[in-house]
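Take a look at the structure below.
The values are calculated or read from the model by the stated rules, or taken from the named source; none is laboratory data. Just so it is clear, the model here is predicted, and its values are computed rather than measured. Backbone-built Cβ (ideal geometry, glycine too); neighbour counts: all protein chains shown. For accessibility, only protein heavy atoms count, side chains too; no ligands or nucleic acids. Shrake-Rupley method; radii C 1.70, N 1.55, O 1.52, S 1.80 Å.
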Amino acid sequence: MPASEKLSHLLELADQGPSLRAALAEEVADLLSAWPSDYPKSMREICEALLAKAARDIDAPSRARLRVQLYSQPRLAQRILPREAASQALIEAARSGKNLVKVLAETLGVDWRIADDILGDESGAKLAVACKGACMDRAAFSALALLTHTARDRSHAFVMLDTFDKVPVSEASRRLRNWQSEELLVPA
């Protein structure tokens, strides 16, 4: 589709209102992730602005899926979907004794049963994969790992950090997308 037609389509989608913001965000993220060489740079800036506006209007699970979708564009993801707020919400929930399963489920865009399984993994590997797939930084993961595995010794924390460091972002993102799609299959 020519650039002008694509832009018109996206702007029409944006005018449809909040109900279609998730669809708009997904479509724009797909376009930005594989930007056609024949599309003008000025159009990319418009698309980034559209994505930023759409991202503010979507729910937490949709933002989590969008974050994973944009893993190949970390600067764009960080600018449009600040992960610090999600990381801080998780760390604060772990510190204060709030329902961490609920906060993790909302942050990652997964079913609460999947979030419970991630947190219940004694090895911490699932938490490492989930955090890396959600583009959380190492410091946020480290704090979360220490707060969620308090009964373990420091060597276990180092093993969890090694897991976080070793898992490729692409693999972690793929696993997180699988967990997110499982949410759609889990009966309420």
Open item on the list: Considering only protein heavy atoms and a probe of 1.4 Å, how much of the accessible area of segment 47-102 is carbon and sulfur, as a whole percent?
Closed with: 50
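Would you mind checking 53/98; 6/126; 98/126; 6/53; 53/132 for any pair whose Cα atoms are more than 27 angstrom apart?
53/98; 6/126
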Task: Per-residue [θ]222 nm for the chain (sum of -39500 (n - 2.57) over DSSP H runs n ≥ 4, rounded to 500) - done: -23000 deg cm²/dmol
Open item on the list: I need the phi-derived Karplus couplings for segment 61-74: 6.51 cos²θ - 1.76 cosθ + 1.60, θ = phi - 60°, integer Hz, Gly and Pro marked x.
Closed with: x, 5, 5, 5, 5, 5, 4, 5, 4, 9, 4, 7, 10, x
Open item on the list: Sorting check: for 109-117, 26-34, which peptide has the highest mean count of neighbouring beta carbons within 10 Å, and how do the rest follow?
Closed with: 109-117, 26-34
- [ ] Inverting the mean 1/r over all pairs of different Cα atoms, compute the Kirkwood radius of segment 14-72 and quote it in Å.
- [x] 11.6
Task: Value in Å of the Kirkwood radius, where the chain supplies the Cα pairs that are averaged - done: 17.4
Open item on the list: Compute a Gaussian network model of the chain, connecting alpha carbons closer than 10 Å, and tell me which residue from 61, 18, 40 fluctuates the most.
Closed with: 40
TODO: Quote the Stokes-Einstein diffusion coefficient, in whole µm² s⁻¹, for segment 44-128, based on the Kirkwood radius over alpha carbon pairs, a temperature of 37 °C and a viscosity of 0.692 mPa s.
DONE: 238
Open item on the list: Tell me the angle of helix 41-56 to the major Cα principal axis of the chain, expressed in degrees between 0 and 90 and rounded to the nearest ten.
Closed with: 50
- [ ] Please report Rg over Rh for segment 113-172, where both radii come from the alpha carbon positions and Rh follows the Kirkwood definition.
- [x] 0.93
Open item on the list: Name the residue from 94, 170, 8 whose Cα lies farthest towards the positive end of the charge dipole of the chain, charges +1 on Cβ of Lys and Arg and -1 on Cβ of Asp and Glu.
Closed with: 94
Open item on the list: Can you give me the angle between helix 83-96 and the longest principal axis of the chain, using Cα atoms only, in degrees from 0 to 90, rounded to the nearest 10?
Closed with: 30
Open item on the list: Projecting each Cα onto the charge dipole of the chain (Lys/Arg +1, Asp/Glu -1 at the beta carbon, about the Cα centre), which of 105, 37, 157 comes out farthest on the positive side?
Closed with: 157
- [ ] Taking the Cα atoms of segment 87-188, report the difference between the largest and smallest coordinate on each principal axis, in whole Å and largest first.
- [x] 38, 31, 22
